[in-house]
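Working notes for the structure below.
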Amino acid sequence: MKTSHTLRLCLAVIAALFFVQCSSTPKTRIEKNQAMYGKLDTRDQHLVTHGLIREGMSRDGVFLAWGKPDSVSVGVNRGRESENWTFEGQRPVRSMSMNMGFGFGSYGGYGGYGPYGFGGWGPYGFGGGYPMMGSGTSVTYVPYTSGTVDFVGGRVVSWKSTKR
């Protein structure tokens, strides 16, 4: 029994480390892209380290501040080629659920057949179980648009974001 608990604990620790390694923050993006960060002016470097953007910022600055966009679309704005980056997030939605079902199988004279009871078949019976009911909360993650950035000429012309 201890082995299965130890194995579960090890797997949980490995999974947690994996998710921590995969998380992308302004700090990790700056560390991986030092040359890109070095090309930003001092004002933009300060904003990027805090995960902020501004009008006039370059695509590189937005990437370092907010990360890779979930989708990119292109178009035309006043005769100039434009680009829109969309960022998505996940919101938890909690709900209460009620479940009901009927168990099957029984043991020792509570619904089995032959030496183990009546109402089913096989060595431990099949059928004759008790109704099961339960309730609990469940969490579902729903995607939402957390931010959009519009570029014209490679520079931010407008942006929108949920509060960060």
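Read-outs throughout are calculated quantities, based only on the coordinates presented, and are distinct from any laboratory measurement. Remember, predicted model here, so these are calculated numbers, not experimental data. Neighbour counts are summed over all protein chains in view; Cβ atoms, including those assigned to glycine, are modelled from backbone coordinates with ideal geometry.
Between Thr140 and His50, what FRET efficiency follows from the Cβ-Cβ distance if R0 is 30 Å, with the result rounded to 0.05?
Efficiency, from the Cβ-Cβ distance: 0.45.
Go through Lys27/Lys68; Lys39/Lys160; Lys32/Lys68 and tell me which ones have a Cα-Cα distance over 18 Å in this structure.
Table pairs above 18 Å Cα-Cα are Lys39/Lys160.
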